[in-house]
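Written below as C-alpha coordinates is the structure these notes are about.
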Amino acid sequence: MEKYFKIFLDGYYGYWNYLQSEILYPSWHNYFYWLIGLSLLVWMLEVIFPWRKGRPFFRKDFWLDAFYMFFNFFLFSLILYNSLSNVFVEAFNDFLGLFGITNLVAIEVNSWPVWGQFLLLFVVADFIQWNVHRMLHRVPWLWEFHKVHHSVEQMGFAAHLRYHWMETIVYKSVQYIPLAMIGFGLADFFVLHIFTIAIGHLNHANVKISYGPLKYIFNNPVMHTWHHAKHLPKGSHGVNYGISLSLWDYLFGTAYIPNDGENEPLGFDKVEEFPHTFWTQITYPWLRKKNKKA
Ligand SMILES: [Zn+2]
Ligand SMILES: [Zn+2]
(Lines give C-alpha, C1' and ligand atoms only; values in the text may rest on other atoms or scores of the structure.)
(Ligands and ions follow the chains in the order given, each with its own letter.)
Protein backbone atom coordinates (compact mmCIF):
# COMPACT_ATOMS: atom_id res chain seq x y z
CA MET A 1 0.00 0.00 0.00
CA GLU A 2 2.83 2.34 0.98
CA LYS A 3 4.46 1.68 -2.39
CA TYR A 4 1.33 2.81 -4.24
CA PHE A 5 1.06 5.92 -2.09
CA LYS A 6 4.67 6.81 -2.91
CA ILE A 7 4.00 6.31 -6.62
CA PHE A 8 0.94 8.55 -6.27
CA LEU A 9 2.97 11.34 -4.65
CA ASP A 10 5.90 10.97 -7.07
CA GLY A 11 3.46 11.21 -9.96
CA TYR A 12 1.97 14.34 -8.48
CA TYR A 13 5.27 16.15 -7.87
CA GLY A 14 6.75 14.84 -11.08
CA TYR A 15 3.89 16.31 -13.07
CA TRP A 16 4.02 19.59 -11.15
CA ASN A 17 7.71 19.97 -12.00
CA TYR A 18 7.01 19.02 -15.61
CA LEU A 19 4.21 21.59 -15.89
CA GLN A 20 6.38 24.32 -14.37
CA SER A 21 9.22 23.65 -16.76
CA GLU A 22 6.78 23.52 -19.73
CA ILE A 23 5.59 27.01 -18.92
CA LEU A 24 8.98 28.48 -18.03
CA TYR A 25 11.04 27.00 -20.86
CA PRO A 26 9.47 27.18 -24.33
CA SER A 27 10.92 24.68 -26.80
CA TRP A 28 9.86 22.73 -29.90
CA HIS A 29 8.97 19.79 -27.71
CA ASN A 30 6.52 21.67 -25.52
CA TYR A 31 2.81 20.82 -25.32
CA PHE A 32 1.88 24.02 -23.54
CA TYR A 33 3.08 26.39 -26.27
CA TRP A 34 2.09 24.08 -29.12
CA LEU A 35 -1.48 24.05 -27.78
CA ILE A 36 -1.49 27.86 -27.57
CA GLY A 37 0.15 28.22 -31.01
CA LEU A 38 -2.23 25.80 -32.75
CA SER A 39 -5.22 27.43 -31.05
CA LEU A 40 -4.19 30.91 -32.22
CA LEU A 41 -3.60 29.59 -35.73
CA VAL A 42 -7.01 27.91 -36.06
CA TRP A 43 -8.67 30.90 -34.40
CA MET A 44 -7.06 33.17 -37.02
CA LEU A 45 -8.46 30.92 -39.77
CA GLU A 46 -11.92 31.29 -38.17
CA VAL A 47 -11.61 35.08 -38.12
CA ILE A 48 -10.22 35.43 -41.67
CA PHE A 49 -12.27 32.69 -43.40
CA PRO A 50 -15.40 32.23 -41.26
CA TRP A 51 -17.85 29.56 -42.40
CA ARG A 52 -20.93 30.85 -40.54
CA LYS A 53 -20.64 34.59 -41.04
CA GLY A 54 -21.34 37.38 -38.54
CA ARG A 55 -20.08 35.58 -35.43
CA PRO A 56 -18.72 37.77 -32.63
CA PHE A 57 -14.95 37.61 -32.09
CA PHE A 58 -15.57 35.74 -28.84
CA ARG A 59 -18.39 33.33 -29.70
CA LYS A 60 -20.86 31.92 -27.18
CA ASP A 61 -19.03 30.03 -24.38
CA PHE A 62 -15.58 30.92 -25.76
CA TRP A 63 -14.08 31.48 -22.30
CA LEU A 64 -15.75 28.40 -20.84
CA ASP A 65 -14.17 26.30 -23.59
CA ALA A 66 -10.81 28.03 -23.21
CA PHE A 67 -10.84 27.06 -19.55
CA TYR A 68 -11.80 23.45 -20.38
CA MET A 69 -8.91 23.37 -22.80
CA PHE A 70 -6.30 24.09 -20.13
CA PHE A 71 -8.09 22.13 -17.46
CA ASN A 72 -8.38 18.94 -19.50
CA PHE A 73 -4.97 19.21 -21.07
CA PHE A 74 -2.88 20.27 -18.08
CA LEU A 75 -4.64 20.86 -14.77
CA PHE A 76 -6.57 17.61 -14.56
CA SER A 77 -3.31 15.68 -14.89
CA LEU A 78 -1.92 17.68 -12.00
CA ILE A 79 -4.93 17.20 -9.77
CA LEU A 80 -5.49 13.53 -10.33
CA TYR A 81 -4.84 11.76 -13.57
CA ASN A 82 -1.08 11.43 -13.69
CA SER A 83 -0.78 10.04 -10.16
CA LEU A 84 -3.74 7.72 -10.50
CA SER A 85 -2.64 6.30 -13.84
CA ASN A 86 0.86 5.57 -12.48
CA VAL A 87 -0.71 3.73 -9.54
CA PHE A 88 -3.04 1.86 -11.88
CA VAL A 89 -0.19 0.74 -14.16
CA GLU A 90 1.85 -0.48 -11.18
CA ALA A 91 -1.13 -2.27 -9.62
CA PHE A 92 -2.03 -3.82 -12.96
CA ASN A 93 1.52 -5.09 -13.49
CA ASP A 94 1.56 -6.50 -9.94
CA PHE A 95 -1.74 -8.20 -10.66
CA LEU A 96 -0.34 -9.78 -13.84
CA GLY A 97 2.75 -10.77 -11.84
CA LEU A 98 0.51 -12.93 -9.64
CA PHE A 99 -0.06 -15.10 -12.69
CA GLY A 100 3.59 -15.07 -13.67
CA ILE A 101 3.04 -12.62 -16.54
CA THR A 102 5.79 -10.00 -16.55
CA ASN A 103 5.46 -8.73 -20.08
CA LEU A 104 2.26 -7.99 -21.98
CA VAL A 105 3.95 -7.19 -25.26
CA ALA A 106 2.60 -9.41 -28.03
CA ILE A 107 3.98 -7.54 -31.03
CA GLU A 108 7.49 -6.08 -30.81
CA VAL A 109 7.32 -2.83 -32.76
CA ASN A 110 10.53 -1.25 -31.45
CA SER A 111 12.46 -2.68 -34.37
CA TRP A 112 10.07 -1.12 -36.91
CA PRO A 113 10.95 2.10 -38.73
CA VAL A 114 9.64 5.12 -36.80
CA TRP A 115 7.05 6.05 -39.45
CA GLY A 116 5.63 2.52 -39.25
CA GLN A 117 5.31 2.77 -35.47
CA PHE A 118 3.59 6.15 -35.83
CA LEU A 119 1.16 4.88 -38.39
CA LEU A 120 0.28 1.75 -36.44
CA LEU A 121 -0.21 3.64 -33.19
CA PHE A 122 -2.29 6.32 -34.93
CA VAL A 123 -4.62 3.87 -36.68
CA VAL A 124 -5.03 1.45 -33.76
CA ALA A 125 -5.53 4.19 -31.15
CA ASP A 126 -8.03 6.00 -33.39
CA PHE A 127 -10.05 2.84 -33.99
CA ILE A 128 -10.22 2.14 -30.25
CA GLN A 129 -11.31 5.74 -29.68
CA TRP A 130 -13.99 5.44 -32.34
CA ASN A 131 -15.41 2.44 -30.45
CA VAL A 132 -15.20 4.18 -27.09
CA HIS A 133 -16.96 7.21 -28.59
CA ARG A 134 -19.80 4.97 -29.79
CA MET A 135 -20.11 3.59 -26.26
CA LEU A 136 -20.28 7.12 -24.87
CA HIS A 137 -23.39 7.61 -26.99
CA ARG A 138 -24.99 4.21 -26.42
CA VAL A 139 -24.50 3.56 -22.71
CA PRO A 140 -26.87 5.84 -20.78
CA TRP A 141 -24.59 6.65 -17.80
CA LEU A 142 -21.65 7.34 -20.11
CA TRP A 143 -23.83 9.61 -22.24
CA GLU A 144 -24.51 11.77 -19.15
CA PHE A 145 -20.76 12.55 -19.05
CA HIS A 146 -20.42 12.92 -22.81
CA LYS A 147 -23.31 15.42 -22.85
CA VAL A 148 -20.84 18.07 -21.62
CA HIS A 149 -19.10 17.89 -25.02
CA HIS A 150 -22.43 17.91 -26.85
CA SER A 151 -23.67 20.98 -24.95
CA VAL A 152 -21.73 23.06 -27.51
CA GLU A 153 -24.24 25.21 -29.38
CA GLN A 154 -21.84 27.24 -31.53
CA MET A 155 -18.85 25.55 -33.10
CA GLY A 156 -15.39 27.01 -32.59
CA PHE A 157 -11.93 25.45 -32.22
CA ALA A 158 -11.95 25.56 -28.39
CA ALA A 159 -15.10 23.41 -28.24
CA HIS A 160 -12.76 20.53 -29.14
CA LEU A 161 -11.57 20.21 -25.54
CA ARG A 162 -14.88 20.87 -23.76
CA TYR A 163 -15.45 17.46 -22.21
CA HIS A 164 -15.89 15.91 -18.79
CA TRP A 165 -12.63 14.65 -17.22
CA MET A 166 -14.25 11.22 -16.80
CA GLU A 167 -13.88 10.86 -20.57
CA THR A 168 -10.09 10.99 -20.20
CA ILE A 169 -10.28 8.16 -17.69
CA VAL A 170 -12.63 6.06 -19.85
CA TYR A 171 -10.65 6.56 -23.08
CA LYS A 172 -7.24 5.97 -21.51
CA SER A 173 -8.24 2.88 -19.54
CA VAL A 174 -9.84 1.18 -22.53
CA GLN A 175 -6.77 1.98 -24.65
CA TYR A 176 -4.18 0.94 -22.13
CA ILE A 177 -4.18 -2.85 -22.49
CA PRO A 178 -4.30 -3.15 -26.30
CA LEU A 179 -1.61 -0.49 -26.73
CA ALA A 180 0.58 -2.08 -24.04
CA MET A 181 0.25 -5.37 -25.93
CA ILE A 182 1.60 -3.77 -29.09
CA GLY A 183 4.51 -2.57 -26.97
CA PHE A 184 3.71 1.15 -26.93
CA GLY A 185 3.40 1.33 -23.15
CA LEU A 186 3.26 4.94 -22.13
CA ALA A 187 5.67 6.08 -24.83
CA ASP A 188 5.52 9.74 -25.74
CA PHE A 189 4.64 10.24 -29.39
CA PHE A 190 4.82 14.01 -29.40
CA VAL A 191 4.34 14.70 -33.11
CA LEU A 192 1.37 12.35 -33.31
CA HIS A 193 -0.27 14.03 -30.37
CA ILE A 194 0.16 17.50 -31.88
CA PHE A 195 -1.22 16.21 -35.20
CA THR A 196 -4.38 14.84 -33.55
CA ILE A 197 -4.90 18.11 -31.64
CA ALA A 198 -4.67 20.01 -34.93
CA ILE A 199 -7.28 17.77 -36.59
CA GLY A 200 -9.54 17.97 -33.51
CA HIS A 201 -9.30 21.77 -33.39
CA LEU A 202 -10.18 21.97 -37.09
CA ASN A 203 -13.10 19.53 -36.68
CA HIS A 204 -14.73 22.01 -34.31
CA ALA A 205 -13.61 25.20 -36.05
CA ASN A 206 -15.93 27.63 -37.80
CA VAL A 207 -14.17 27.04 -41.12
CA LYS A 208 -15.45 25.01 -44.04
CA ILE A 209 -12.74 22.54 -44.97
CA SER A 210 -13.43 18.97 -46.02
CA TYR A 211 -10.08 17.93 -47.57
CA GLY A 212 -11.53 16.86 -50.97
CA PRO A 213 -11.32 13.11 -51.55
CA LEU A 214 -9.34 12.78 -48.30
CA LYS A 215 -12.63 13.33 -46.48
CA TYR A 216 -13.12 9.57 -46.65
CA ILE A 217 -10.03 9.20 -44.50
CA PHE A 218 -9.89 12.28 -42.28
CA ASN A 219 -12.62 13.70 -40.10
CA ASN A 220 -13.45 17.34 -40.93
CA PRO A 221 -15.57 20.32 -39.80
CA VAL A 222 -18.55 19.49 -42.07
CA MET A 223 -18.68 15.87 -40.97
CA HIS A 224 -18.20 16.68 -37.29
CA THR A 225 -20.90 19.36 -37.34
CA TRP A 226 -23.35 16.54 -38.05
CA HIS A 227 -21.97 14.61 -35.10
CA HIS A 228 -23.06 17.57 -32.96
CA ALA A 229 -26.45 18.00 -34.67
CA LYS A 230 -29.43 18.21 -32.34
CA HIS A 231 -31.67 16.15 -34.63
CA LEU A 232 -30.37 12.69 -35.47
CA PRO A 233 -31.68 10.24 -38.04
CA LYS A 234 -34.58 8.30 -36.50
CA GLY A 235 -33.60 5.48 -34.14
CA SER A 236 -29.90 6.35 -34.17
CA HIS A 237 -27.73 6.99 -31.08
CA GLY A 238 -25.39 9.14 -33.09
CA VAL A 239 -23.52 9.51 -36.39
CA ASN A 240 -19.95 10.35 -37.50
CA TYR A 241 -18.19 9.05 -34.39
CA GLY A 242 -14.73 9.54 -35.90
CA ILE A 243 -12.04 11.28 -33.85
CA SER A 244 -9.20 11.92 -36.31
CA LEU A 245 -10.21 9.40 -38.99
CA SER A 246 -13.58 9.40 -40.77
CA LEU A 247 -12.70 6.05 -42.33
CA TRP A 248 -14.41 3.95 -39.64
CA ASP A 249 -17.74 5.71 -40.12
CA TYR A 250 -17.63 5.00 -43.85
CA LEU A 251 -16.56 1.38 -43.27
CA PHE A 252 -19.18 0.64 -40.63
CA GLY A 253 -22.05 2.66 -42.06
CA THR A 254 -22.31 5.42 -39.46
CA ALA A 255 -21.35 8.27 -41.81
CA TYR A 256 -24.15 10.83 -42.26
CA ILE A 257 -23.76 14.12 -44.13
CA PRO A 258 -27.11 15.09 -45.74
CA ASN A 259 -25.85 18.63 -46.52
CA ASP A 260 -23.07 20.93 -45.31
CA GLY A 261 -24.90 21.56 -42.01
CA GLU A 262 -24.14 25.29 -41.94
CA ASN A 263 -27.28 26.27 -40.04
CA GLU A 264 -28.02 22.96 -38.37
CA PRO A 265 -29.04 23.42 -34.69
CA LEU A 266 -26.49 21.78 -32.37
CA GLY A 267 -26.75 20.06 -29.00
CA PHE A 268 -29.40 17.61 -27.80
CA ASP A 269 -32.98 17.62 -26.63
CA LYS A 270 -33.43 20.34 -23.95
CA VAL A 271 -29.81 21.50 -24.30
CA GLU A 272 -30.94 24.95 -23.13
CA GLU A 273 -31.66 23.47 -19.69
CA PHE A 274 -28.15 22.00 -19.41
CA PRO A 275 -25.87 23.79 -16.87
CA HIS A 276 -23.75 26.62 -18.27
CA THR A 277 -20.70 26.85 -16.02
CA PHE A 278 -17.64 24.61 -15.64
CA TRP A 279 -18.41 23.50 -12.10
CA THR A 280 -22.12 22.84 -12.64
CA GLN A 281 -21.33 20.92 -15.82
CA ILE A 282 -18.71 18.63 -14.31
CA THR A 283 -20.84 17.86 -11.25
CA TYR A 284 -23.99 17.42 -13.34
CA PRO A 285 -23.77 13.64 -13.99
CA TRP A 286 -23.72 12.91 -10.24
CA LEU A 287 -26.11 15.61 -9.04
CA ARG A 288 -28.58 14.66 -11.74
CA LYS A 289 -28.85 11.17 -10.22
CA LYS A 290 -29.44 12.57 -6.76
CA ASN A 291 -32.20 14.81 -8.05
CA LYS A 292 -33.76 11.90 -9.84
CA LYS A 293 -33.83 9.75 -6.70
CA ALA A 294 -35.38 12.52 -4.64
ZN1 LIG B 1 -20.07 12.46 -29.31
ZN1 LIG C 1 -17.03 17.33 -31.04
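The values are calculated or read from the model by the stated rules, or taken from the named source; none is laboratory data. Being a predicted model, the structure only gives us computed values, none of them experimental. Note that we place each Cβ from the backbone using ideal geometry, even for glycine, and neighbour counts take in every protein chain shown. In case anyone asks, the SASA skips ligands and DNA or RNA and just uses the protein heavy atoms, side chains included. Shrake-Rupley method; radii C 1.70, N 1.55, O 1.52, S 1.80 Å.
For the chain, take the longest principal axis of its alpha carbons; what is the angle in degrees between that and the long axis of helix 82-98, to the nearest 10 within 0 to 90? Taking the Cα atoms of the chain, the angle to 82-98 is about 50 degrees. With the whole protein complex present, Arg134 retains an accessible surface near 70 Å², based on a 1.4 Å probe. As a size descriptor, the averaged projected area of the C-alpha convex hull of region 94-171 was calculated at 8.1 nm².
A cut-off under 15 angstrom between Cβ atoms defines the neighbours of Glu46, and their net charge, with Lys, Arg +1 and Asp, Glu -1, is +3. Note on region 1-76: with neighbouring protein chains present and a 1.4 Å probe, carbon and sulfur make up 75 percent of its accessible heavy-atom surface.
Per-residue ellipticity at 222 nm, computed for the chain from helices alone with -39500 (n - 2.57) per DSSP H run of at least four residues, works out to -18000 deg cm²/dmol.
Could you work out what % of the accessible surface of region 218-271 is carbon and sulfur, using a 1.4 angstrom probe and leaving DNA, RNA and ligands out of the count? Here carbon and sulfur together make up 54 percent of the probe-accessible area. According to the Kirkwood relation over distinct C-alpha pairs, the hydrodynamic radius of the chain is 20.6 Å. For Trp226, the solvent-accessible surface with a 1.4 Å probe is about 10 Å², rounded to the nearest 10.
Per-residue surface analysis assigns Ile79 an accessible area of about 100 Å², computed on protein heavy atoms at 1.4 Å probe radius. Computed on the chain, with alpha-carbon pairs under 8 angstrom and 6+ residues apart, the relative contact order is 21 percent. The number of Lys pairs in region 159-294 with C-alpha atoms less than 23 Å apart, excluding pairs fewer than 8 positions apart on the same chain, is 8.
Cross-link partners of Lys53 among aspartates and glutamates, defined as those whose alpha carbon lies under 19 angstrom from its own and excluding same-chain residues fewer than eight positions apart: Asp61, Glu153, Asp260, Glu262, Glu264. Counted by Cβ distance under 13 Å from Ile243, the other residues give a net charge of -2, where Lys and Arg count +1 and Asp and Glu count -1. Can you compute the FRET efficiency between Ile79 and His29 using 1/(1 + (r/R0)^6), with r the Cβ-Cβ distance and R0 = 41 Å? Round to the nearest 0.05. Here the calculated transfer efficiency is 0.95.
Using the Cβ-Cβ distance between Ile177 and Met1 with R0 = 22 Å, the FRET efficiency computed as 1/(1 + (r/R0)^6) comes to roughly 0.35. Could you please state, rounded to a whole Å, how far the C-alpha centre of region 103-130 is from the C-alpha centre of region 1-75? Measuring centre to centre over Cα atoms gives 26 Å. When only alpha carbons are used to place a centre, region 151-214 and region 222-271 end up 17 Å from one another.
Round to the nearest 10 and give me the degree value, 0 to 90, for the angle of helix 165-181's Cα axis relative to the longest principal axis of the chain. Computed tilt is about 50 degrees.
The residues of the chain present an accessible area of 54 Å² per residue when probed at 1.4 Å with all protein chains retained.
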